[in-house]
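Got a structure for you, written out below as structure tokens; questions coming shortly.
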Amino acid sequence: MIRIWLAPDFVVWGAPSSLTLSLATVESVNGESRITYNPVTIGGLEQTVLFAELIDHRGNPLPSTIKEPKALIMPKSAERVFLVGREFSAGFKVARESGGAGTTVVDLIIMELG
């Protein structure tokens, strides 16, 4: 059985990451040195959307977890909004195009496929 929810007028403030750098550090503990490598993202702030925080068009909260979720973004303006990565059982990440300022409003269609 497929369940579907419409969450209207969702405000998106997240922006995509703008730059990922490779960061190498040297650490010395008790005379032993080691090198660590980590990618570091600078700029942008992806917005995490939790299903438990969404309200459907009838005023009902969505479940806190959804089995095999799929989120569709229905734009209400010319500004592009997109998913960042894949959906997970408790939610997903979303961002608006980096050139935009402030926020944008979209409708979300959430489907449970599992």
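Tell me which of these Ile110 doesn't satisfy, since it passes every other one: (1) within 15 Å of Gly14 (Cβ to Cβ); (2) in contact (Cβ under 8 Å) with a residue 40 or more places away in the chain; (3) not acidic (Asp, Glu).
(1)
Restricting to the range 82-97, give me the number of residues that are among the small types (Gly, Ala, Ser) and touching an Asp or Glu at 6+ places or on another chain (Cβ under 7 Å). Write out each step before concluding.
Initial filter on the range 82-97 (among the small types (Gly, Ala, Ser)): 85, 89-91, 95.
Narrowing further to those that are touching an Asp or Glu at 6+ places or on another chain (Cβ under 7 Å): 95.
Looking only at that region, the number is 1.
Okay, moving on. For the range 75-114, name all the residues that are of a type in the set (Ser, Thr, Tyr), under 17 Å from the mean Cα position of the chain (by Cα) and either assigned to a loop (DSSP other than H, G, I, E, B) or modelled with pLDDT of 95 or more (or both). If you could, list the steps in order and put the result at the bottom.
Kept after step one, since they are of a type in the set (Ser, Thr, Tyr), are these residues of the range 75-114: 77, 89, 98, 103-104.
With under 17 Å from the mean Cα position of the chain (by Cα) added as a condition, the list becomes 89, 98, 103-104.
Matches in the range 75-114: Ser89, Ser98, Thr103.
I'd like the full set of residues that are closer than 18 Å to Ala15 by Cα and surrounded by 13 or more Cβ atoms within 10 Å (Cβ to Cβ), limited to the range 83-94.
Within the range 83-94, Leu83, Val84, Glu87, Gly91, Phe92, Lys93, Val94 qualify.
Do any strands (runs of 3 or more DSSP E) entirely within the range 1-74 hold 1 or more residues that are in contact with an Asp or Glu (Cβ under 8 Å, 6 or more places away or on another chain), surrounded by 13 or more Cβ atoms within 10 Å (Cβ to Cβ) and touching a residue at least 12 places away in the same chain (Cβ under 8 Å), and if so, which? Explain how you work it out, then say what you get.
Working: elements: 3-12, 19-29, 32-42, 47-50.
The qualifying strands (runs of 3 or more DSSP E) are 3-12.
Report yes if some residue within the range 19-39 is modelled with pLDDT of 85 or more and under 17 Å from the mean Cα position of the chain (by Cα); otherwise report no.
no
The values are calculated or read from the model by the stated rules, or taken from the named source; none is laboratory data. Computed from a predicted model, the values in this text were never measured in an experiment. When we count neighbours, we look across all protein chains shown, and the Cβ atoms used for this are built from the backbone with ideal geometry, even at glycine.
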